[in-house]
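The values are calculated or read from the model by the stated rules, or taken from the named source; none is laboratory data. Computed from a predicted structure; not experimentally measured. In this analysis, Cβ positions are derived from the backbone assuming ideal geometry, glycine residues included, and neighbour counts consider all displayed protein chains.
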Amino acid sequence: MAALLHSNTSQTPFNPPPFHSMGLAIKIIRRSINALFHNYHVFTATAAILVLPVSASALLSQTLAPSSFPALQNLSSRLRLLFEAAGFPASSEFFMLLNAKIIQTIFSFTFTLPFSLTFLLLAKASVVHMVHCFPRRIITPPPLSSSLRVYLALLQTHVFNSFIILSANAAVLSVLFLAFNIIDALGISSSNAIFAFSVAGVILYSVVLANVMVVCNLATIVSAVENCSGYLPALKACVLISGKAASAMTLAMPANLSMAAIEALFQYRVMKPYQISHRLDVSSIGEAFSISYIYSMLIVLDIIISCMFYRSCKSEYDCQTELEPDDKGALQV
């Protein structure tokens, strides 16, 4: 009987159906859009009150030139000298682009930091609270006290995530430093080889940074839902995202592409006419407000998608952990 029970159990184990990354991403995006329109009036109020200052600062930071600031210009020259001293081909297009991108990222991060630490974290707490109540319909936005209860945890998690992103950048640069010094030691100096290794460096840098950003975004949702802070949300996010990195990357792509398109639209419709005429009329101000509001709604939708992805990962993880003791008990019988 024990052998028969063990045989039947081993033949019919509980195996959840495999989720393809594209199919799971489409399912989560549909749920997120449904949640957005289900409480559209509340989400739009959050976007207009809390997210709009963050969007305006982010769009302005992408259009302002860091080279116009002497401190950043000095930092760019020092960073180029550091690349040359480390053995990087600093005159190549890749490292010139990397230098400009690092300076632009530092400028944008510094410019938007006051808004990110206040309005954006409160907006994330508010959106997470509303998505947690879905599919129940919400008449009014959640009170500010409910967002303030998890604000300190979100703040600590945001600071820890910044250190994670900084560490990931330093790790990738260290790997590239080692690779290019090995190339130099081997005597490989052809332009084609340098170009190939530069392309490989771009791919490595993009993949590592994208995965780190996905984990940090999920860690923020974990911190808001479970009211934990520090390194613990990042560890939980790594456990939840295990085996679902492709789905997470697929989910992050539409929002990032849409935000990049909105930034280009702001540059073309607002900043370019201003640089030509050196004045802002009423229509330009209204258009800048409209583009910033659309950007705010994209940020809100991105938070909703992250919440839905967390719910999907959490439900699957809870299902697996609940079934493991039963399987072990069946095998013991």
Legend entry - First in segment 54-70 and at pLDDT below 80, second anywhere and among the β-branched types (Val, Ile, Thr), Cβ under 6 Å, 6 or more apart: PRO66/ILE103
Inset, instruction - Determine which member of the set CYS238, CYS228, CYS216 is surrounded by fewer than 22 Cβ atoms within 10 Å (Cβ to Cβ), without any contact (Cβ under 8 Å) to a residue 24 or more places away in the chain and in contact with a helix residue (DSSP H, G or I) (Cβ under 8 Å, 6 or more places away or on another chain). - result: CYS238
Legend entry - Contacts under 7 angstrom Cβ, first residue in segment 74-103 being within 16 Å of ALA196 (Cα to Cα) and among the hydroxyl-bearing types (Ser, Thr, Tyr), partner in a helix (DSSP H, G or I) and at pLDDT below 80, 6 or more apart: SER92/ILE194; SER92/SER198
Legend entry - Qualifying helices (runs of 4 or more DSSP H) (wholly inside segment 1-52; at least 1 residues being farther than 30 Å from PRO143 by Cβ and at pLDDT 50 or above): 21-38
Legend entry - Options ILE188, ILE182; residue that is of a type outside the set (Ser, Thr, Tyr), at pLDDT below 90, in a helix (DSSP H, G or I) and farther than 30 Å from ILE303 by Cβ: ILE182
Inset, instruction - Can you give me the ranges of the helices (runs of 4 or more DSSP H) entirely in segment 54-173 with at least 3 residues that are crowded, with 20+ Cβ neighbours inside 10 Å? - result: 93-115, 121-132
Legend entry - Positions within segment 93-135 being charged (D, E, K, R) and at pLDDT 80 or above, in sequence order: LYS101, LYS124
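Yes or no, residue by residue, for (1) more than 26 Å from PRO254 (Cβ to Cβ); (2) without any contact (Cβ under 8 Å) to a residue 40 or more places away in the chain; (3) not hydrophobic (A, V, I, L, M, F, W, C):
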| site | (1), (2), (3) |
| --- | --- |
| MET130 | no, no, no |
| THR140 | yes, no, yes |
| PRO143 | yes, yes, yes |
| LEU152 | yes, no, no |
| HIS158 | no, no, yes |
| ILE164 | no, no, no |
| SER167 | yes, yes, yes |
| VAL175 | yes, yes, no |
Inset, instruction - Report whether or not GLU316 is among the acidic types (Asp, Glu), in a helix (DSSP H, G or I) and under 30 Å from ALA219 (Cα atoms). - result: yes
